[in-house]
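The values are calculated or read from the model by the stated rules, or taken from the named source; none is laboratory data. Remember, predicted model here, so these are calculated numbers, not experimental data. Cβ atoms come from the backbone with ideal geometry, glycine included; neighbour counts cover every protein chain shown. What goes into the accessible areas is simple: the full protein's heavy atoms, side chains included, and nothing from ligands, DNA or RNA. Shrake-Rupley method; radii C 1.70, N 1.55, O 1.52, S 1.80 Å.
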Amino acid sequence: MKSVQEPAKTQTINLLDFDREGLAAFFVELGEKPFRATQLLKWIYQEGVEDFDLMTNLSKSLRAYLTENCTIATPEIVLEKIATDGTRKWVMQTGCGNRVETVFIPEEGRGTLCVSSQIGCALACTFCSTAQQGFNRNLTTSEIIGQLFVAQKRLGSENRITNVVMMGMGEPLLNFDNAVAAMNLMMDDFTFGLSKRRVTVSTSGVVPAMYRLTQVCDVSLAVSLHAVTDELRDELVPINKKYPLKELMEACRDNAKIAPRRTVTFEYVMLDGVNDSTQDAQGLIKLLKTVPSKVNLIPFNPFPNSAYRCSSKEAINRFKTLLNDAGIVTTVRKTRGEDIDAACGQLVGQVKDKSRRHLKVQAAGSERAA
Ligand code: SF4
């Protein structure tokens with residue numbers, strides 16, 4: 001067991017990398033009581049205090065140890081775009097010079113933050129802008145929770161973040177431990193205290209991790225479905241070749257068993273002439289018969305060199321009506337932040353291009369350097 005008088009370690013510990021359990025274990029290892037974890041969480045997340053010296057209910061020696069060995073390091077906003085509808089998109093600089101996107105969507109009575117879990121993504125979904133960047137690395141717990149921390153600080157108290165969706169760059173279930181630790185932190189009463197119904201993890205269908213998630217973290221589940229036959233889903237969401245629809249739906253049913261009154265949300269991007277026919281809608285109705293579901297239809301947001309076009313409004317409405325008539329609650333995602341248009345993953349590309357050309361982010365209009 002280490003004492004708080006120990007000499008400084010060479011590596012600084014970022015305390016945002018710990019959830020409450022991890023932090024309690026950290027303090028116990030230092031010879032401290034586990035309740036130090038709740039004290040520290042309150043200082044950081046509720047009081048907004050980042051200077052250990054100001055944490056007056058910690059002993060002097062512990063404060064000195066934390067100052068010497070620990071840090072509270074968050075990502076840094078390097079680009080902010082604010083749309084006329086209030087949507088904000090940020091590019092945040094994380095460690096090692098990497099960048100991620102985080103988006104805030106204000107709506108009547110709630111504010112949703114879309115959080116990234118990886119730098120890039122390895123899963124190569126053909127309709128996805130992030131996929132074009134390939135995979136760089138997993139985000140750490142501090143880089144995931146840090147997006148919420150930084151966003152809430154930036155928004156101030158008049159714009160509360162009430163919901164979080166792990167739907168930004170990356171596949172969260174391929175960064176399982178860090179994503180789960182960050183979601184546990186989001187729901188902790190001593191941090192943001194978000195309800196488990198208001199934290200949603202979105203997966204493209206990493207089936208073994210879905211079963212694991214059901215066991216260890218009680219959050220809402222969204223599945224990026226996008227096709228109702230293995231043949232088409234193999235093309236749109238290639239991880240389907242490894243975990244085909246039958247296995248995916250079984251994992252969804254398993255999740256529904258834990259919280260029977262909760263529904264699984266199925267995301268379905270609307271691609272003109274690809275997956276938007278009456279036959280596709282009928283296939284979807286059949287597929288979802290045994291899972292308590294709702295469907296979110298997403299009008300495709302084209303990006304440079306994408307091979308797809310968005311379905312027409314008529315096709316989307318026809319699709320929605322067919323699902324609704326079959327008793328499946330179906331919504332069409334509103335296009336938000338159109339005047340700062342960028343499909344997920346595109347802003348990071350813009351910042352990269354600018355920095356390559358040694359251009360500074362311009363502090364002009366609704367786009368400003370932070
Ligand atoms: S849709 Fe999600 S899982 Fe698929 S490539 Fe994009 S970020 Fe990765």
**Asked** For region 108-135 and region 156-181, what is the separation of their C-alpha centers, rounded to whole Å?
**Response** 11
**Message:** Around residue 285, under 15 Å between beta carbons, what's the net of Lys plus Arg minus Asp minus Glu among the other residues?
**Reply:** +2
**Prompt:** Rounded to the nearest 500, what is the chain's calculated 222 nm mean residue ellipticity when only DSSP H runs of at least 4 contribute -39500 (n - 2.57) each, over all residues?
**Reply:** -9500 deg cm²/dmol
**Request:** Specify the residue with the greatest mean-square fluctuation among 232, 139, 174, computed from a Gaussian network of the chain linking alpha-carbon atoms under 10 Å apart.
**Result:** 232
**Complete:** Extension length gain for residue 93 and residue 254 (0.36 nm per residue less Cα distance), in nm, is 54.2 nm
**Subset of 81/286; 241/286; 81/241; 42/196; 257/286 violating a 31 Å alpha-carbon distance limit** = 81/286; 81/241
**Request:** Pull up all non-local amide H partners of residue 73: gap of 5 or more, or a different chain, and H-to-H distance under 5 Å with H placed in the peptide plane.
**Result:** 15, 16
**Prompt:** How about region 214-322: which trypsin sites (Lys or Arg not before Pro) there lie in a loop by DSSP and see at most 13 other Cβ atoms within 10 Å?
**Reply:** 242, 261, 309
**Request:** Determine the gain in length on full extension of the stretch residue 286-residue 157; use 0.36 nm per residue of separation and subtract their C-alpha separation, reporting nm with one decimal.
**Result:** 42.0 nm
**Request:** Please list, in chain and number order, the residues 5+ apart from residue 310 or on another chain whose amide H is under 5 Å from its amide H, with Hs placed from the backbone.
**Result:** 272
**Request:** Would you mind telling me the share, in percent, of accessible area of region 59-178 contributed by carbon and sulfur at probe 1.4 angstrom?
**Result:** 49
**Message:** Please give me the summed charge of the neighbours of residue 154: other residues whose Cβ is under 10 Å from its Cβ, Lys and Arg +1, Asp and Glu -1.
**Reply:** +1
**Item:** Rounded accessible area per residue of the chain, 1.4 Å, Å²
**Value:** 46
